[in-house]
Structure formats: C-alpha cells, structure tokens
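Asks: Below is the structure I would like to discuss, written out as structure tokens.
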There are 2 protein chains.
Amino acid sequence: MNHRDEALALDSADPIATLRDQFALSPTTIYLDGNSLGVPPAAAAQRAQTVIAAEWGEGLIRSWNNAGWFALPRRLGNKLAPLIGAADDEVVVTDTISVNLFKLLSAAVRVAQARDPKRRVIVSERSNFPSDLYIAQGLIEQLDRGYELRLVDEPSELPAAIRDDTAIAMITHVNYRTGYMHDMAALTKLIHDKGALALWDLAHSAGAVPVDLNGVGADYAVGCTYKYLNGGPGSPAFVWAPKRHQNEFAQPLSGWWGHRAPFEMDPAYRPDDGIGRFLCGTQPMVSMALVECGLDVFLQTDMQAVRKKSLALTDLFIELVEARCSEFPLTLVTPREHAQRGSHASFEHPHGYEVMQALIARGVIGDYREPHVLRFGFTPLYTRFVDVWDAVETLREVLTQETWRAPEFAARGAVT
Amino acid sequence: MNHRDEALALDSADPIATLRDQFALSPTTIYLDGNSLGVPPAAAAQRAQTVIAAEWGEGLIRSWNNAGWFALPRRLGNKLAPLIGAADDEVVVTDTISVNLFKLLSAAVRVAQARDPKRRVIVSERSNFPSDLYIAQGLIEQLDRGYELRLVDEPSELPAAIRDDTAIAMITHVNYRTGYMHDMAALTKLIHDKGALALWDLAHSAGAVPVDLNGVGADYAVGCTYKYLNGGPGSPAFVWAPKRHQNEFAQPLSGWWGHRAPFEMDPAYRPDDGIGRFLCGTQPMVSMALVECGLDVFLQTDMQAVRKKSLALTDLFIELVEARCSEFPLTLVTPREHAQRGSHASFEHPHGYEVMQALIARGVIGDYREPHVLRFGFTPLYTRFVDVWDAVETLREVLTQETWRAPEFAARGAVT
C-alpha cells in the first residue's frame, strides 16, 4: 500500500466497519492498545447509571434477585461461551484471571493425581504472562508435595518437556508480548497424548481470534473481559471447565457463591453441581454489568469476520512498518504466518520504551513491554485500516525526527 | 416512646442527621438492610460517569497511572484504615472477603506452623457466616496435613475450645444473624494467651461500630465495603495485616499485583514488601472507585458519633417492638447489652420469612435469615429515628392484619 486513500477504501469495503459506532472512541486518539484495555462500548455509561440509580438505588437489596445480579456470573458466562467454543453452563464470569487460575490449577492437580500420583510437574513457558507463573509457584509452594514448575524457553521445546511426569500443561494461547499463537488443537492433542491436562489462558484470545475449546477437547481455561471484550478496567475474568471435569473435585476457594444452596446457611460446604462451584465470593456488580455491553457487540458479528479483519489489519501494519520505516532498527517479533499470529503485532527497537512514549504523546497509543518491545493491538470492532496507515506515519515521524530522544520520554512508569 | 413526634424530635437533635443528604435514598422506602447492601452515596452516579467517560474513555490505558487506578487498592485502604484502628499501609481494598480470608488463613497457618508445628486447629463458631467456614474447610482439605476446623456453638465455649493445639481463632466480630458482638480486646487477649493467632472478620463491623485492630493487637482481619461502608453491590473487600505480620510469609494467591516489581515481567514471584503482597490480580476499577464515595462520608464524622446513634436506634427499635407488638410471638435474639450488640437487631418469629416479605411489600426493607429471623440493620449515616417508629408501626400492621399469610409471601428466593 502506497497511499492513505487505499486504506480508506479498505474501510469502505469493510463489512464490520459500522460496529465502530457502538464504541465511545476518543476523537484525538488512534488506540492500538485494546489488547491491554479495550475502549468503552457506547452503552456502558448508560448501563452504569441504570445499575447505580435504578438497580442499586431503587431496587436495593432486592436487585440480587429482581435485577438478576446473583445470576449474572452465569448469564454472562453463557453469553461469552460461543466466542470460545464453550457450551451453556460451562463458563462463569468472576474474580480475576490469577484467582481463577488458582482454582483451576488446584482442581486440575487433583484430577491429575487421581489418574496418576507420579505426575507432579506443571509445564509452562518462561515467556508466559508472569502472573500465571506466579500463581503456579504459589500453589506449588503451598501444596509442598514435590510439585514442580517446568518452564521452556521456546514453544518448540514443549513436546519434549511434556512427559510422563507431567500433570498439567498451562499454556497461554496468544503470547502477551510477541503475539505468537499456539495451535490449540495440535498442542492439546500432544498434551493429551502425553497423559497430561491442557489448561489454556485466553487473555489475548477471547474476542480476538476464534477459539474452540470443546472442539479441541481442552480441559480448563481462563480469560479476560477487559481486553478484546471491552468490559472495562479490571472487569471480572472468566473460568471455563467442560462438563466432564466440573464435578470431579471442588476447588479450595470454596466460598458461598459456589455452594449448592448458599442461602440455607449450612456450616458445611457442599459444592454446587456444575460450573457454579468455580464461583467464590460476592462479585462487583457495577463492573460486572458493564461486561455485558461489550459482549452485546459481538452478537452482531462472528469470530470468523473478526479474525478476517484482524489478520488484514496486522498484515497491513507489518507491511507498512517494513516498507515505510525500513531504515530504522525495528525487528518484527510477531510471526508472519497467520496461523501463529494473534491480534497484535510487536516490533523490537533498541529504545522501545522511549519510542512508545513519543508515539503516545502524538496520540498513537500502543504499549511497551520489557524488553524493547513496541506492541500494537488491533481490535477489529473499532480499529480502521486508516488508523493503521496513520499510526505508521506517526511512527515514521517519531523515528525520522527522533522526537523520542526528548528527556521526558525516558522515565518509566507502571502500565498494565 | 409513645408518639411519632418524639422520634421526630430525636431526629431534630441528631448531630449527624444531615449526613443523610449525602445519600441517594428512595423516597418510598424505609431501608433497614444497609448491613446487607448499603444505599448509594449521592456522589456515586457522577463518579461512575467520570470513571467511564473521562478515565476509561479519554485516558484509556494511561489511566492506570494518570487516574491512579493501579494505586487505588492501597489509597482506599489508607482511607479506610482509621475506621478500624489500622495504620497507613496496613489495609488494601481488593477481591472478596472469601478470597481474602483464603490469603490470610494461608499466611496465618504458616506463621503458626513456624511457631509451633503441633498447632493444627482453626477454631471458629458454627454460627459464623458460612462462607468463612467454607474457606477454612477448602484450605484444610487442600493442605491435607491434619488440619482441623473446630466449631463451637456458643461464644462462651471459645475459651475451652482455644487450646494448645490451636493455630488460629477465626472470629466474626458481629454475628450476621443475631447481631451479637464479641469483646474484641478480651477475646484477642485470650487467643494470644493460648498461643494462637486472632483473625477477625469485620463484615458487620466496619463503619458500624468502633474497631481498634492495632489497639487490641489483633493479627489479621478482613472486611466488607458494600454493607455499612456503602461501596456498592459486591464492591471489593479489604484485607488488614499489621506490619509485624506482613513480611513473614507470602500468601499463595501470588498474582502480579502483589509482586515487588510487576512491570519487570520477571518469571519468578518476589512478593512486595508490606501489605502489597496481599494483592493478587487486576481489580475492577469502576466498582472500586465507588468505594471512595462511601468512605468520604465517614470523613465528616467519627465512629464514636456513629456508634452513639447506632445504639440509640437499636435501643429504640427494640423498645418499640416489645412495647407495640407485645402480643405477637417475637423473640429478641440480639443482646440487650450495648457492649454485645452490633448495629442491627433481630427478632425470631415462627413465620419470619413470610412476615419479612409482607414488610418489604409495604416498603419496609429488612432481611430474613434462616431460621425464622427478621433482621433489621440500622445505618446511622442515613437512618432516622422516625424511620424506626414507622417501621415498627408497619410491623404492627402486618402482624395485626396478618397480611403475611397471603400466599404470595410464602415462596423463598435468594437474597444475599
């Protein structure tokens, strides 16, 4: 592509272009960080007012029943399920990914133990999102029974690392840094062939790429609603467990929302049948209610259309960066193969942090990830092809004019 | 009291009466269930709009730093601390009570083990809020190392139950059903004299009664922001650990928000120094931001003024029910002694469930708790003495006219 008009033409021909109207987008920003925090659905502000003024203010305690608050984790789970190849009553929206991983790893460890007590290794990748590794470390230390976390440096090392001592492979489908996407079907089959359980983290997958958890026969999954699903800052995460695993064991975060009859006030925990036992405590309803606004946009399209546009956006971004910024030390770290690419594209630059700050100062918001990585997320629901063009032009300006060398871009802060 | 005018006179003389103006109260309701879900602070609706439109919509990912989202669990913890006798950097607002109890029990078990490996009993009350017991059961089952949950039926049995085998006494300060309040200072001393750790659940205490965690030398505490603190439906809970216990052990829900340097993306968990290590995953910011609106009201009064009015309200309620409903089978289950009473009053009635439904139908919203208990919570920030009068008159009508026998009041639903 050589002209901005060509990008505009792609937008004109885009069958899901009008979904952008359903988001409250800042007019001064090209936002390429929806894989860290999605933008507000246009419906979110009004939904919050309804929850606060009508449901909370007028309905008060009655809204736990009458406004469906108590049922919301399950109802939203069912609404999210089609996006990840899950069935009804297999998903609940609740808590955080880290807390949910603890629940699933705890349950999976017991399932694995019941099958083969010798299996005491959890396999994962050193490049996994660190919190996933921290949770596995915390569980292993707590169990204090000789469990071990085995980390590989490259996806290619996974087949050798998953062995007859392996209880669980805990894999993040799309890497948060590089955008590398595993072949979920093939890796699940490999994990099962080795006699282990497959636990998937869908943080950068749900709403970004087609996922078919039941189709590939996965064992457990967690995921995030505040990235591609646009649920709001820190909106509750989700847990998936297929029906065959739901009732094998209770998980130790056995709070009252997972009880079979929470309002009987029974002093003994009796887990609910089904996915309900992965609930724990009372959920933050204002934040949770907003998750539905994001999910409702997906009802107007399907993940194949989203994926098609996603690949077109990342293809174009990679093409333009390589064509128009070729004289600068940018190295693509995202796979070129479609089958191995999620919905973001990352380039290394020796001064990645400063370059990203300079981009943000010009209204192009991507993200920086240690070390050296400029990360650009593409959310097909609201990102236009012309945004890709304009973002690359801004990147070219920042690199050509070396505006990133300004001292104010050197100080590092915390960005999730 | 014999006349409604006397209640109005008490309201006129009430030094904190005007705080009621800072809540968005339904004009058609007498709300006596603020100990289940507090009412919205008047500031909450606007605050939600600011978070959604400005912080999320305009600030986008930058708001994790620029709008102080990442720091909010600690900042709100410091704001809440004076209400419970805690110091700066001893409280974080995060997750749910159940999840936080799991963190604290896990840490406390390790502290107790380090002191004396023979101590393997967690003592609590059978009448404790069930979720607390479920979490202890879940942890004990997971540890699978001979831990035991020992439950007593009456507070008077606690001294004998806490013995040289006891690691932790997990006590809820104010009972959710009866309103019975423990003497926190005396019981903490007893627990310590027996060599155990004192873990307090402040769900029905924070914002309701004065609490002095550091003054009594307690070891750990959890609590709730959606009851007397008016944080919103399911708003995040809090964790307290005094500085002497914070760094003894990491807790197993070791997510990235508790890491010493979360944005270094270190694959190894290194817990933060201090209370930060009790954080885990990314928090729901819209719900959490609303917690501040509730806390801000407390800045305009103090817990002594709140407590004085609370006791006057519950005294009046008990007096009026016993005087004006004396011919009905109502039995007070809340202690008459001020030192043993929280901020709610409960009466048993053989048809408690139906009576409560009939009251709610007439706009007097209390709560029902199994078995047979009519529970009435009194939030001094917004409950008036005339509300007490009117509520008792409505109760008298419901009992006199036997409106509770209508068939529509017999079906039970879930109410948290």
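Asks: Pop a pseudo-label 7 angstrom from the Cα along the beta-carbon direction at both B:Glu157 and A:Glu402 and give the gap in nm to one decimal.
Replies: In this crude spin-label approximation the distance works out to 7.9 nm.
Asks: Something else about it: Taking A:Arg115 in one copy and the same position in all the others, each labelled 7 Å out along Cα→Cβ, what are the pairwise distances from the first, in nm, shortest first?
Replies: Sorted ascending, the copy-to-copy spacings read 4.2 nm.
Asks: DSSP H helices in chain A with Cα extent of 27 Å or more along the helix axis and mean Kyte-Doolittle hydropathy at least 0.0?
Replies: A:303-324
Asks: What are the ³J(HN,Hα) couplings of region B:224-232, residue after residue, when phi is run through the Karplus curve with 6.51, -1.76, 1.60 and θ = phi - 60°? Round to Hz, x for glycine and proline.
Replies: After applying 6.51 cos²θ - 1.76 cosθ + 1.60, I find 10, 10, 9, 9, 5, 8, 6, x, x Hz.
Asks: Right, here's the next one. Over what distance in Å are the Cα centres of region B:155-216 and region A:224-253 separated?
Replies: First find each Cα centre; the distance between them is then 34 Å.
Asks: Moving on to the next point. Under the Karplus relation 6.51 cos²θ - 1.76 cosθ + 1.60, θ = phi - 60°, what is the ordered set of whole-Hz ³J(HN,Hα) values for region B:249-266, x standing for Gly and Pro?
Replies: Rounded to whole hertz, the list is 8, 7, 9, x, 7, 8, x, 5, 5, x, 6, 4, 9, x, 8, 7, 6, 5.
Asks: Please say if region B:236-293 is rounded, prolate or oblate, where rounded means a/c under 1.5 for a ≥ b ≥ c the square roots of the C-alpha gyration tensor eigenvalues, and otherwise the choice is prolate for a/b larger than b/c and oblate otherwise?
Replies: oblate
Asks: Shape of chain A from its Cα gyration tensor (a ≥ b ≥ c, root eigenvalues): rounded if a/c is under 1.5, otherwise prolate when a/b > b/c, or oblate?
Replies: Oblate.
Asks: Shifting gears a bit: Arrange B:Tyr228, A:Tyr147 by Cβ neighbour counts within 10 Å, fewest through most, would you?
Replies: Sorted ascending by nearby Cβ count, the order is A:Tyr147, B:Tyr228.
Asks: Shielding of A:42-53 by partners, i.e. mean partner chain Cβ atoms within 10 Å per residue?
Replies: For peptide A:42-53, the averaged partner shielding equals 5.
Asks: As I understand it, the dipole of region A:367-416 uses +1 on the Cβ of Lys and Arg and -1 on the Cβ of Asp and Glu, about the Cα centre. Which of A:Ala406, A:Phe385, A:Pro371 lies farthest toward its positive end?
Replies: Checked the options; the winner is A:Pro371.
Asks: Subtract the Cα-Cα distance of A:Ser26 and A:Thr50 from 0.36 nm times their separation in residues, and report this length gain in nm to one decimal.
Replies: Going from the current span to full extension adds 6.3 nm.
Asks: Considering every residue in A:27-36, what mean count of other chain Cβ atoms within 10 Å of its Cβ is obtained?
Replies: Across the residues of A:27-36, the mean count of other-chain Cβ atoms within 10 Å is 2.
Asks: Provide the net charge surrounding A:Arg145, with neighbours chosen by a C-beta distance below 11 Å and charges set as Lys +1, Arg +1, Asp -1, Glu -1.
Replies: Local net charge: -2.
Asks: A follow-up question, please. Give the long-range amide H neighbours of B:Arg150: residues separated by 5 or more places, or on another chain, with amide H under 5 Å away, using H modelled in the peptide plane at 1.01 Å from N.
Replies: Result for B:Arg150 returns B:Ile122, B:Val123, B:Ser124.
Asks: Quick one: work out the % antiparallel among DSSP beta bridges in chain A, nearest 5.
Replies: In chain A, approximately 55 percent of DSSP beta bridges are antiparallel ones.
Asks: Taking a label point 7 Å out from Cα toward Cβ, give me the nm distances from A:Gly363 to the same spot in the other copies, shortest first, one decimal.
Replies: Nearest first, the other copies' label points are 5.3 nm away.
Asks: Just the Kirkwood number for region B:313-416, please: inverse of mean 1/r across all distinct Cα pairs, in Å, one decimal.
Replies: The answer is 13.8 Å.
Asks: Separate question: Counting Lys and Arg as +1 and Asp and Glu as -1, what is the net charge of the other residues whose Cβ lies under 15 Å from the Cβ of A:Thr94?
Replies: Net charge around A:Thr94: -1.
Asks: Roughly what % antiparallel, to the nearest 5, for the DSSP beta bridges in the protein assembly as shown?
Replies: 55
Asks: Using the structure shown, select from A:Lys79/A:Lys243; B:Lys118/B:Lys189; B:Lys227/B:Lys308; A:Lys79/B:Lys227; A:Lys103/A:Lys243 the pairs with a Cα to Cα distance greater than 23 angstrom.
Replies: In this structure, A:Lys79/B:Lys227 lie more than 23 Å apart at Cα.
Asks: State, to one decimal in nm and shortest first, how far the label point of B:Arg163 sits from each corresponding label point in the other identical copies (label point: 7 angstrom along Cα-to-Cβ).
Replies: In ascending order, 4.8 nm.
Asks: Another question, then. For A:His192, B:His338, which order do you get if you count the other beta carbons within 10 Å of each Cβ and list the fewest first?
Replies: Ordered by Cβ neighbours within 10 Å, fewest first: B:His338, A:His192.
Asks: Let me ask something else about it. Can you compute the charge dipole magnitude of region B:1-158 about its Cα centre, using +1 on each Lys and Arg Cβ and -1 on each Asp and Glu Cβ, nothing else charged? Give it in debye, rounded to the nearest 20.
Replies: Its charge dipole is roughly 760 debye.
Asks: Can you put A:Thr282, B:Thr166 in order, fewest other beta carbons within 10 Å first?
Replies: B:Thr166, A:Thr282
Asks: For the protein assembly as shown, give the magnitude of the charge dipole about the Cα centre (Cβ charges: +1 Lys/Arg, -1 Asp/Glu; no others), in debye to the nearest 20.
Replies: Once rounded to the nearest 20, the dipole reads 960 debye.
Asks: For the protein assembly as shown, with equal point scatterers placed on the C-alpha atoms only and solvent neglected, what are the log10 I(q)/I(0) values from the Debye formula at q = 0.07 1/Å, to two decimals?
Replies: -0.53
Asks: Also, quick follow-up: Could you work out the helix-only [θ] at 222 nm for the protein assembly as shown, with each DSSP H run of four or more residues adding -39,500 (n - 2.57) and the total divided by the number of residues, to the nearest 500 deg cm²/dmol?
Replies: Computed ellipticity for the protein assembly as shown at 222 nm equals -10500 deg cm²/dmol.
Asks: At a Förster radius of 56 Å, what calculated FRET efficiency corresponds to the Cβ-Cβ distance of A:Glu337 and B:Glu248, to the nearest 0.05?
Replies: Given R0 = 56 Å and the Cβ-Cβ separation, E is 0.70.
Asks: Ordered by residue, what ³J(HN,Hα) values in Hz, to whole numbers, does region A:33-50 give under the Karplus form 6.51 cos²θ - 1.76 cosθ + 1.60, where θ = phi - 60° and Gly and Pro are x?
Replies: Couplings: 9, x, 8, 10, 9, x, 8, x, x, 4, 7, 5, 4, 5, 4, 5, 4, 5 Hz.
Asks: Let me know the charge dipole size of chain B about its Cα centre in debye, to the nearest 20, where only the beta-carbon of Lys, Arg (+1) and Asp, Glu (-1) is charged.
Replies: Around 840 debye, computed over chain B.
Asks: Still on this structure: What average number of partner chain Cβ atoms lie no more than 10 Å from the Cβ of the residues making up B:126-133?
Replies: The mean count of partner-chain Cβ atoms within 10 Å per residue comes to 5.
Values in this text are rule-based calculations from the coordinates and carry no lab data. Small disclaimer: the values here were computed from a predicted structure and weren't measured. FYI the Cβ positions are ideal-geometry reconstructions off the backbone, even for glycines, and counts take in every protein chain you see.
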